[in-house]
Structures are given as structure tokens and as C-alpha cells.
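Contents: one structure, followed by commentary.
The values are calculated or read from the model by the stated rules, or taken from the named source; none is laboratory data. As the structure is a prediction and not an experimental result, all values here were calculated from the model. A quick note on method: Cβ atoms are made from the backbone with ideal geometry, for glycine too, and the neighbour counts reach across all protein chains shown.
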Number of protein chains: 2
Amino acid sequence: MSTHEPKNYHCPICSLIKGEESEHNRLSDIVYEDHQTLAFISPKWWPNNPGHVMVVTKEHYENLYLLSHTTVQRIALTVQRLALAIKEVYQCDGISTRQHNEPAGNQDLWHFHTHIFPRYHDDRLYVLHEQARYVAAEDREPYAQKLRAYFASHTS
Amino acid sequence: MSTHEPKNYHCPICSLIKGEESEHNRLSDIVYEDHQTLAFISPKWWPNNPGHVMVVTKEHYENLYLLSHTTVQRIALTVQRLALAIKEVYQCDGISTRQHNEPAGNQDLWHFHTHIFPRYHDDRLYVLHEQARYVAAEDREPYAQKLRAYFASHTS
């Protein structure tokens with residue numbers, strides 16, 4: 001099976017799950033957690049879609065090819081849950097999700113993740129693909145606060 | 001909840017599920033089917049990603065916001081199944097998936113669907129977003145044949 005993770009990869013997602021912060025991920029980015037999945041504000045943003053969310057498996061798997069059926073199902077439920085949350089608290093005009101496997105598929109982080117984007121009219125998310133940039137933790141915090149407040153008041 | 005489907009929408013996906021062909025969808029596009037989901041070759045292609053697949057719910061729901069948990073889980077399993085199939089039979093360099101909700105989220109077909117793309121090095125899928133075009137049924141057929149042959153030999 002196609003694998004691209006370097007040997008001795010120090011996985012920033014596994015670090016976050018263990019409670020360790022790193023250059024691009026802070027504990028304050030985390031907005032949702034259950035037994036198998038975690039959701040947090042992405043450190044990399046596209047120009048017109050601030051505060052998008054990444055949903056990850058708590059166990060380390062490189063990509064979609066390797067997930068068990070149970071894990072696939074749990075991720076999907078968390079993605080839907082976050083889509084509904086983002087729609088409500090960001091008051092965005094739409095939601096889109098995407099999931100990348102292998103470098104040719106735009107994957108550059110070797111831990112399975114799905115992106116959930118707040119969408120706005122004429123945001124040109126795809127055409128501006130090469131304009132993504134890392135943002136400061138302080139910029140992420142207001143988005144994380146809103147989503148945490150939503151989940152605090154919406155127990156499943 | 002945000003809905004954009006016109007009144008009296010004649011849904012091409014529901015037609016396909018009922019066995020009726022339409023301008024852009026032929027029965028020969030169908031590559032996989034189970035109780036709750038259907039997968040077929042998309043009639044609209046991006047320049048460097050021919051033969052991508054759409055996975056749909058058999059029941060009509062406009063978008064992700066409206067799916068039951070069970071349906072979310074079934075769709076996710078079919079998406080993974082198709083990702084593995086496309087990777088094997090197209091011999092592509094990667095796979096990416098995406099799912100659009102509401103016009104601002106790039107949705108233009110009012111029946112829930114997830115796109116599964118074969119990816120190739122430097123295919124520029126996102127930057128070339130506005131260059132998608134409809135293709136003839138004959139162009140779709142070789143891709144459908146390959147995927148049907150795969151599923152004929154991989155019973156779950």
C-alpha cells in the first residue's frame with residue numbers, strides 16, 4: 001500500500017493528542033474530542049475561509065486507505081457534527097469538506113485528516129489554493145472559543 | 001436549515017437510481033451499488049483527473065446537514081471502498097475526496113454527493129477549478145468498465 005510517511009516521523013497530530021504543543025498546533029485549538037476522533041482549528045488558512053477545522057483520528061494512520069471500517073464511520077460522524085457546528089456559529093453561507101491522500105493528492109501531513117471549510121459567496125477557495133498560509137495562535141483562538149461554546153451547549 | 005433545492009426539482013440522481021438516463025447520466029456510468037449508496041462516473045471532469053467518481057445516497061437528501069447518522073456512516077464506507085478501487089485500477093498517484101454544501105460551498109446538484117478524484121503529480125486540480133467540462137458517455141465508459149470489473153472480483 002502506498003505510504004509516504006518518513007521513517008521516524010515526529011507526528012504533530014500525535015503530539016497534540018498527547019497534550020504537547022508544537023510550532024503550528026496549540027491545545028487551545030482543540031474544539032471537539034471523543035474516543036476516536038479530535039477536531040481543532042487548522043493552523044493553515046486559505047485567504048477567504050478563516051478558522052477552518054481539521055478532524056483527525058486519535059490513532060495514527062497515514063491515510064484513508066488504512067482506516068478500519070469503524071474508524072471511517074466515526075470520522076464521518078465527527079465531520080458531520082463539525083459541519084453543523086461551523087454552519088451555526090460562523091454563520092457561513094455553505095460548508096465544504098475535503099480529504100487528501102498521498103503527495104499527489106495534496107497530502108503534506110502524514111496523519112489522516114479531513115478539512116471542513118466555512119464557505120462564503122465568491123470565496124474562490126479552489127482557485128486560490130496556492131495562497132494558503134500559517135496563522136498565529138491568537139488568530140485561531142476566537143474561532144476555537146466559538147466552537148467550544150457550541151459544543152458545551154450541545155451535548156450529543 | 002439552509003436549503004437551496006428549487007421547488008419541483010427534477011433530480012437527475014433520483015432518476016438514475018430509478019433506472020432512467022438523462023442528459024448527463026447513463027446507466028453505464030454506475031460502478032457500485034448497495035442498499036443505501038450508489039457510485040458512478042461523474043459526467044463532469046476536471047482537466048487532469050479523468051474518470052472521477054461520485055458517491056450518492058439512494059434516498060434523496062439535499063446535503064450533509066440532513067443525513068441521518070446511519071446514512072453518514074454508509075456513505076463514508078462507500079467512499080473508502082471507491083478510493084481503494086480507483087487507486088488500484090487507475091494506478092493513480094493519490095486520491096482526494098470532497099463534498100459540497102450550498103451554492104457558496106460549490107454545490108450545484110441538489111442531491112447529496114461526494115466526489116472521489118484520482119490524483120496525479122502536478123494535476124493542479126484546485127487551481128484549474130473553473131476548467132471543468134461535461135464529457136461524452138463514451139469517454140466515461142472505459143473508466144466504468146474498469147471499476148465494474150474490480151467490484152466483480154472484490155465481493156465484500
* Out of A:SER68, A:SER96, which single residue is polar (S, T, N, Q), at negative phi and more than 8 Å from chain B (Cβ to nearest Cβ)? -> A:SER68
* Asked: Restricting attention to the range A:17-28, does a residue exist that is surrounded by 21 or more Cβ atoms within 10 Å (Cβ to Cβ) and touching a residue at least 24 places away in the same chain (Cβ under 8 Å)?
  -> no
* Structure fact -> In the range A:122-153, anything more than 14 Å from chain B (Cβ to nearest Cβ), of a type outside the set (S, T, N, Q) and over 15 Å from A:HIS52 (Cα atoms) is listed as A:ALA149, A:TYR150, A:PHE151, A:ALA152
* **Conditions (1) within 15 Å of B:HIS52 (Cβ to Cβ); (2) over 13 Å from the mean Cα position of the chain (by Cα); (3) surrounded by 13 or more Cβ atoms within 10 Å (Cβ to Cβ); number of the one not met by B:GLU102** => (1)
* To do: Consider only pairs whose beta carbons are under 9 Å apart and that are at least six residues apart or on different chains; among these, list those whose first residue lies in the range A:1-16 and is more than 14 Å from chain B (Cβ to nearest Cβ) and modelled with pLDDT of 95 or more and whose second residue is surrounded by fewer than 10 Cβ atoms within 10 Å (Cβ to Cβ) and outside any helix (DSSP H, G or I).
  => A:PRO12/A:GLU23
* Asked: Could you count how many residues in the range B:100-121 are without any contact (Cβ under 8 Å) to a residue 40 or more places away in the chain and either more than 7 Å from every other protein chain (Cβ to nearest Cβ) or among the charged types (D, E, K, R) (or both)?
  -> 1
* **Some residue of the range A:49-64 being touching a Gly at 6+ places or on another chain (Cβ under 8 Å), at the interface with chain B (Cβ under 10 Å from one of its Cβ atoms) and either over 19 Å from A:ALA132 (Cβ atoms) or charged (D, E, K, R) (or both)** => no
* Which numbered condition B:GLN91 fails, given (1) over 20 Å from A:LEU125 (Cβ atoms); (2) surrounded by fewer than 21 Cβ atoms within 10 Å (Cβ to Cβ); (3) more than 8 Å from chain A (Cβ to nearest Cβ); (4) in contact (Cβ under 8 Å) with a residue 24 or more places away in the chain -> (4)
* Structure fact -> Log entry, pairs with first residue in the range A:133-151 being touching a residue at least 12 places away in the same chain (Cβ under 8 Å), second being of a type in the set (D, E, K, R), beta carbons closer than 7 Å, six or more apart or on different chains, reads A:ARG133/A:LYS44; A:TYR134/A:LYS44; A:ALA137/A:ARG26; A:ARG140/A:ASP29; A:ALA144/A:ASP29; A:TYR150/A:GLU88
* With respect to A:ARG74, determine if the residue is surrounded by 19 or more Cβ atoms within 10 Å (Cβ to Cβ) and more than 9 Å from every other protein chain (Cβ to nearest Cβ). => no
